[in-house]
1. Which is farthest toward the positive dipole end of the protein assembly as shown among B:ASN133, B:THR197, A:ALA149, measuring Cα position about the Cα centre, with Cβ charges +1 (Lys, Arg) and -1 (Asp, Glu)?
2. Given +1 on the Cβ of Lys and Arg, -1 on the Cβ of Asp and Glu, and no further charges, what dipole in debye does the stretch A:102-169 carry about its Cα centre, rounded to the nearest 20?
3. Mean-square fluctuation check for chain B, GNM, Cα pairs under 10 Å: which of B:SER221, B:SER66, B:SER47 is largest?
4. Out of all DSSP beta bridges with both ends in the protein assembly as shown, state the antiparallel percent to the nearest 5.
5. Quick one: net charge around B:GLY208, please, counting Lys, Arg +1 and Asp, Glu -1 for every other residue with C-beta under 9 Å from its C-beta.
6. Compute the relative contact order of chain B as a whole-number percentage, counting only Cα pairs closer than 8 Å that sit 6 or more residues apart in sequence.
7. So how strong a dipole does chain B carry about its Cα centre when Lys and Arg Cβ are +1 and Asp and Glu Cβ are -1, to the nearest 20 debye?
8. Quick one: what are the phi-derived ³J(HN,Hα) couplings along the stretch B:98-111, Karplus 6.51/-1.76/1.60 with θ = phi - 60°, whole Hz, x for glycine and proline?
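No lab work stands behind these numbers, since they all come straight from the coordinates. Since the model is a prediction, treat every value here as computed from it, not as a measurement. Using ideal geometry, Cβ is built from the backbone for each residue, glycine included, and neighbour counts are taken over all protein chains shown.
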Amino acid sequence: MMEKKLHKEPKAKEKDQTPIIEIKDLHKTFGKDNVILKGVNLTLNKGEDLVVLGRSGSGKSVTIKCIVGLIEPDKGEIKVFDENVLNISKSQLNEIRVRIGFLFQSGALYDSMSVRENLAFTLTKHKRDLSPEEVEREVMEALENVGLAEAVDKMPSELSGGMRKRIGLARTLILKPEIILYDEPTTGLDTITSREISELILDIKHKQKTSSIIITHDMACAKMTADRIVVLKDGVIHAEGTYEELEKDEDEWVRSFFE
Amino acid sequence: MILAIKNTFTEIGETTLFVKRFFKEVFIPPYETKEFLKQCYIIGYKSLPLVAITGFIMGLVLTLQSRPTLVQFGAESWLPGMVALSLIREIAPVITALICAGKISSGIGAELGSMKVTEQIDAMEVSAVNPYNYLVVTRVLACTLMVPLLVFFADAIGIIGGYVGINIHGDVNFYRFLTQIVQSLEYLDLLPATLKTFFFGFFIGMIGCYKGFNASNGTESVGQAANSAVVTASLSIFIIDMVAVQITDLFF
């Protein structure tokens with residue numbers, strides 16, 4: 001089972017300040033006049049867990065989808081590992097994508113494949129020379145990391161919401177990413193399962209030394225995981241600080257997230 | 001009105017780019033052989049019962065319907081050749097392709113549409129797996145190769161249906177029946193009919209993939225993708241058939 005001991009890292013100011021994701025002046029408009037991002041500036045430092053807060057539709061998911069090239073922004077710069085992902089070839093982008101894990105809100109497991117096949121699929125596409133025994137070992141290791149080794153032969157339709165997210169996370173972890181982007185990891189889950197997922201995020205950060213951007217509306221998750229929090233409003237970063245700082249922010253709108 | 005015209009041209013442009021991408025990616029490794037074989041199994045093998053039943057009924061009904069007219073002219077002996085020619089040149093390819101449009105194109109449209117809506121295609125993309133290569137190339141190739149084989153199978157079963165139809169009203173030896181068919185067929189009856197089935201297969205797969213791959217977000221769009229795939233694929237089969245017949249008429 002999953003290790004319950006939490007490994008809370010030191011806060012951002014005590015940590016390595018080397019930026020691994022730098023977003024500058026990011027703009028995105030859908031259609032003619034649906035302006036979502038109006039110049040987002042964001043930095044993720046190495047080893048940091050950055051929580052992004054904001055109202056629904058404020059552009060949080062759009063921002064992280066721009067990072068991995070799922071959405072093309074209209075203007076701006078996104079540097080990941082010192083490479084501007086907007087000006088590189090598809091193969092270079094794919095090399096960066098392998099180093100970034102992305103946990104979708106729904107888990108996005110492949111419905112037609114079992115849990116084992118879901119994990120092995122991603123692995124074998126990138127490491128084609130692995131023997132079946134090695135693939136099996138890596139699959140089981142990733143599943144043990146999320147505490148779901150017993151679900152290896154199940155189909156996604158047989159899994160609960162929390163299990164789907166954990167398996168989604170295991171599928172992300174199997175490529176040993178350096179950055180993980182979490183898109184609302186606890187949405188739709190009960191309080192206990194949400195806490196388990198938040199503990200898992202911390203556990204992974206400790207074990208795999210990852211850096212993360214976590215988009216969430218769940219303040220308990222934010223409190224547990226955040227080294228730093230940014231708040232998106234009207235397409236720009238409206239506030240930034242630690243949980244404790246923003247909880248006492250002079251802006252009532254920012255404080256309302258913490259009430 | 002102007003918006004509708006603009007949307008139509010946009011769709012034509014997007015479809016063209018989607019098809020063009022197929023010819024670019026089909027030659028680029030990695031080759032997804034395992035997925036291709038799986039799709040051949042699903043598209044080809046799993047369609048055999050449906051194609052067999054339809055093929056048999058086509059042959060039987062065509063024989064029973066044609067017989068009275070031929071009997072009136074005392075040309076009953078032409079029945080095996082006429083049935084075989086009709087089946088091989090036109091009826092079996094078109095009817096089998098229409099069945100495949102209903103079964104395969106809608107299935108692919110719904111499957112890929114659902115994958116798109118539930119972010120499974122995005123999940124492939126962000127894990128640096130090329131979803132077009134894995135999902136589209138394999139399915140389109142499998143359709144292009146399996147539909148002609150299914151048509152051959154429908155031809156054979158249809159001819160057996162025709163034999164049963166003839167024997168309802170008479171007693172014809174199977175060897176004699178086959179000899180009459182072989183004597184009435186020429187190589188040029190088979191070639192254009194076979195060539196057009198590759199195009200049928202290609203478009204059935206491509207339309208299903210295009211509709212599914214471009215499903216907009218929302219579960220409603222999955223149904224729309226499946227429905228639209230069947231309608232467009234069926235229509236395209238008739239258009240391809242019309243063009244193929246014109247070309248055949250011109251050159252053969």
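1. In the protein assembly as shown, that residue is B:THR197.
2. Charge dipole of the stretch A:102-169: 340 debye, to the nearest 20.
3. B:SER66
4. Antiparallel bridges make up about 55 percent of those DSSP assigns within the protein assembly as shown.
5. Once positives and negatives cancel, what remains is +1.
6. Computed over chain B, the figure is 33 percent.
7. Taking the Cα centre of chain B as origin, the dipole is about 120 debye.
8. Running phi through 6.51 cos²θ - 1.76 cosθ + 1.60 with θ = phi - 60° gives 5, 5, 5, 4, x, 8, 8, 4, 5, x, 5, x, 5, 5 Hz.
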